[in-house]
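The values are calculated or read from the model by the stated rules, or taken from the named source; none is laboratory data. None of the values given here were measured: they were computed from a predicted structure. Here the Cβ positions follow ideal geometry from the backbone for every residue, glycine too, while neighbour counts run over all protein chains shown. When the accessible area is computed, the model is the full protein with side chains, heavy atoms only, and any ligands, DNA or RNA have been set aside. Shrake-Rupley method; radii C 1.70, N 1.55, O 1.52, S 1.80 Å.
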Amino acid sequence: METLRSNIVDTINELNKLIHKNISDEEKNIIRKRRRLYFALLEEVIVQEIPKSTEGFDEAIEALQAATKSINETKDDLEKISDSIKKVSEAAEKIEKIVKIGIKVFA
Amino acid sequence: MRHKRFNKWRYSLVWFMLPMILIAQGCFHHQSATHIKAFSVASANLADQTIKVYELTDRSTVDRKIIEIAVYSEKELRELDRETIDKIKGVFSDNKKIDTCMIALNGIKEYAKAIGDLSSADYSGDIKKASCELYGSLTSLNKAYKDLSNKDLGIAKEDFALFASLINAIGEAIVETKRRKAIKDIVIKTNPQLIKVCDEIASSVENNKVLTNLDLNTIYAEKVESYKSDVKSKKIIKLNDKVSRIKELMQCSRICKKSETVFKDVKEAVEKVKRAHGVLYESVKKDKFTTPELTKEIGELVAFAKEMKKYYDDLLDPEKEKK
């Protein structure tokens, strides 16, 4: 069963791998910011135990999977990094709509 | 004459039998006490290890949050304030479930200890102490289970009163049969509750696993980045300095790998305590304090507790982790 938790974990793991790539310091800082955001969301997802029936759940999962896939592709083609960061931010926005911890996500 | 001889014979028999009865009673006590004490020590150890694994989750979250601030960009650094520092907290502060699991684990630990003390106490004072420990442990288990599952554990006030009267009946001189009766009744009454609490703990382990592994892997990723950056910017030039930093990375990677298996073992530890208590329950129900199954189960429990402590010592003890 797909869970928000496992998909967030996958995305963070991919971000950790991307940080080791030959990207600029500025890009690394953006990745770190997004990773912090994802950790905050993960902690909340664990506490809230969000059921699958929650509105926006499926969209959030889809967005997370798209973000993870995009980061994975970026590891081979660093040109795609801005697209990946955008997808990571979009997915974060969708999770935020579910957990509602009051974090503003800037793409 | 015949009567006198009979009396003499009876007198001799008593003197012959008395040491044997005492030895037998001693063995009887010794055997049951040894088994229950072994169960008690191993269960308390495993509960303690599990508590340490929970503390690892809390500690790794704090460490990860510190690292996150340590790698702030220059712009973020300018905005670093006290509020950000005060937000560095582990998962316990906001996660009631984890906090409650800790209470439940302490309850199991104290319960196991109390049963062990009750089985081996030689003085009435020790019995009273074990009685207090038992009362405290069952109260913790009761509360923790209610918080975890929103259900009642089913240990009523009358049960506490029953346990107290059973323990009081052991008496000043410690009557072995009454001690066994007290242990038997406590184990029988507590077994269903222990199963429920162990199941609740086992089901909460997955969240801790996920968070801890991710925290530790993030810390590792940043340490690797920091090393690469320091070499690139020539902050570390000497070979010995590089070697010691790489050794640090190796230790960090080892901790990450161990954290991946420790949660599986914690689940198994909780399962083993539950199973051993179940076998103890089945044995005492038949008034047996030692059976081949109990010996086997307790043996496995003791071995597992020892192995776990040995293997995860550096992971679970923050002081050893630094070395």
Descending Cα extents along the principal axes, the protein assembly as shown, whole Å:
116, 56, 38
Can you give me the distance in nm between label points at A:THR54 and B:ARG245, each placed 7 Å from the Cα along the Cα-to-Cβ direction?
4.1 nm
Specify the angular offset, from 0 to 90 degrees and rounded to the nearest 10, of the alpha carbon long axis of helix B:239-285 from the longest principal axis of the alpha carbons in chain B.
30 degrees
Over chain A, calculate the relative contact order: mean separation of alpha carbon pairs under 8 Å at least 6 apart, over the residue count, as a percent.
33 percent
Students often get this wrong, so check it: of A:LYS21/A:LYS86; B:LYS52/B:LYS272; B:LYS288/B:LYS310; A:LYS97/B:LYS223; B:LYS52/B:LYS151; B:LYS242/B:LYS264, which have C-alpha atoms separated by over 23 Å?
B:LYS288/B:LYS310; A:LYS97/B:LYS223; B:LYS52/B:LYS151; B:LYS242/B:LYS264
For chain A, what % of the accessible area comes from carbon and sulfur atoms, probe 1.4 Å?
46 percent
Under 12 Å from the Cβ of B:GLU293, count the other residues' Cβ atoms, weight Lys and Arg +1, Asp and Glu -1, and hand me the total.
+1
Find the lysine pairs in the range B:165-215 meeting two conditions, Cα atoms under 25 Å apart and a separation of 8 or more places or different chains, and report how many there are.
5
So the angle from the long Cα axis of helix A:25-48 to the longest Cα principal axis of chain A, reported in degrees to the nearest 10, equals 20 degrees
Do any trypsin sites (Lys or Arg not before Pro) in the range B:231-278 lie in a DSSP loop with no more than 11 other beta carbon atoms within 10 Å, and if so, which?
B:LYS234, B:LYS235, B:LYS238
Just the C-alpha atoms of the range B:232-323: what Rg/Rh do they give, with Rh taken as the Kirkwood radius?
1.30
At R0 = 30 Å, FRET efficiency that the Cβ-Cβ distance of A:SER6 and B:LYS296 yields, to 0.05
0.20
Where does helix B:96-120 land angle-wise versus the long Cα axis of chain B, in degrees 0 to 90, nearest 10?
30 degrees
Quote the FRET efficiency, to the nearest 0.05, computed for A:ILE103 versus B:GLU268 with a Förster distance R0 of 35 Å and r equal to the Cβ-Cβ distance.
0.40
What aspartates and glutamates sit close enough to B:LYS129 to cross-link, taking a C-alpha to C-alpha distance under 16 Å and skipping anything fewer than 8 places away on the same chain?
B:GLU110, B:ASP117, B:GLU172
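How big, on average over all directions, is the shadow cast by the Cα convex hull of the range B:34-148, in nm²? All intermediate terms of the calculation are to be shown ahead of the outcome.
Numbers: hull surface 36.4 nm².
With every direction weighted equally, the projected area is 9.1 nm².
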Rounded to the nearest 0.05, FRET efficiency between B:ALA303 and B:GLU206 (Cβ-Cβ, R0 22 Å) equals 0.30
For the B and A pair, go ahead and give the buried accessible area with a 1.4 Å probe, both sides summed, in Å² to 100.
2000 Å²
To the nearest Å², the heavy-atom accessible area per residue of the range A:10-107 with 1.4 Å probe amounts to 52 Å²
